[in-house]
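Everything below concerns the one structure shown next.
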Amino acid sequence: MKKCLIVWLTLVVSLSVLPFSVNASSSRNVEITTPDKSLEAKFLKAYRSGEYVVVEMLFQNVTDKDYSMRVFLGDNVVVYDELGNQYTGNIYGTFTKEGNLRLSPQVELPADIPVRFSLYIQNVASDVQFLPRINLNNIIAIRPARFASSKLIIKNISISEM
């Protein structure tokens, strides 16, 4: 009886911890392809907030000179979910924590200092927990830099409940 109880408790503890480890490992597997080697991006988290799924990340200019960057959103973004849905149009962003949501936010990227960016995706189905891919198709560097491409791609995003 004692062995059965120990096995049962071990099984219950293992199963209760498993979802946390799966969620943590999936956020570590996020891949980001930036439009240029002068820009690095780091995924922070994705969560639901009201009618939006919010994807937070850091952008960092890895050159020795400051430059400006603009991200064109709305129809310039395609978000894919695990159920086969695509989202475009109602997608906004901000470079400030309490800033207004914009369709084309712009920021000054100082050399070697990370800047937070939040992407707001409206009307994502409530049962969606995973975004396999987000294509930001129009990101440009302004004054004095130019990016080699205009695409930023983010893959493997798990949505947490906050």
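The values are calculated or read from the model by the stated rules, or taken from the named source; none is laboratory data. On a predicted model such as this, the values are computed, not experimentally measured, just so you know. Counting neighbours? That spans all protein chains shown, and the Cβs are built from the backbone with ideal geometry, glycine included. These area figures cover heavy atoms from the full protein model, side chains too; ligands, DNA and RNA do not enter into them. Shrake-Rupley method; radii C 1.70, N 1.55, O 1.52, S 1.80 Å.
Checking each residue in region 143-162 for being under 17 Å from Pro105 (Cα atoms) and assigned to a strand (DSSP E or B) picks out only Leu152.
Restricted to region 49-71, and to residues there that are touching a residue at least 12 places away in the same chain (Cβ under 8 Å) and open to solvent by 60 Å² or more (accessible area, probe 1.4 Å), the residue that is farthest from Tyr92 (Cα to Cα) is Asp64.
For region 81-92, the count of residues that are crowded, with 16+ Cβ neighbours inside 10 Å, within 12 Å of the chain's Cα centre (by Cα) and part of a strand (DSSP E or B) is zero.
Kindly provide the set of residues from region 61-80 that are among the hydrophobic types (A, V, I, L, M, F, W, C) and either more than 27 Å from Asp112 (Cα to Cα) or part of a loop (DSSP other than H, G, I, E, B) (or both), ordered by number. Write out each step before concluding.
Initially, region 61-80 is screened for residues among the hydrophobic types (A, V, I, L, M, F, W, C), giving 62, 69, 71-73, 77-79.
Selection gives Val62, Phe72, Leu73, Val78, Val79.
The set of residues from region 114-142 being part of a loop (DSSP other than H, G, I, E, B), open to solvent by 70 Å² or more (accessible area, probe 1.4 Å) and either in contact with an Asp or Glu (Cβ under 9 Å, 6 or more places away or on another chain) or within 22 Å of Lys155 (Cβ to Cβ) (or both) comprises Asn123, Asp127, Gln129.
For region 114-128, what are the residues that are more than 13 Å from the chain's Cα centre (by Cα) and either at pLDDT below 95 or more than 19 Å from Asn61 (Cβ to Cβ) (or both)?
Correct list: Gln122, Asn123, Val124, Ala125, Ser126, Asp127, Val128.
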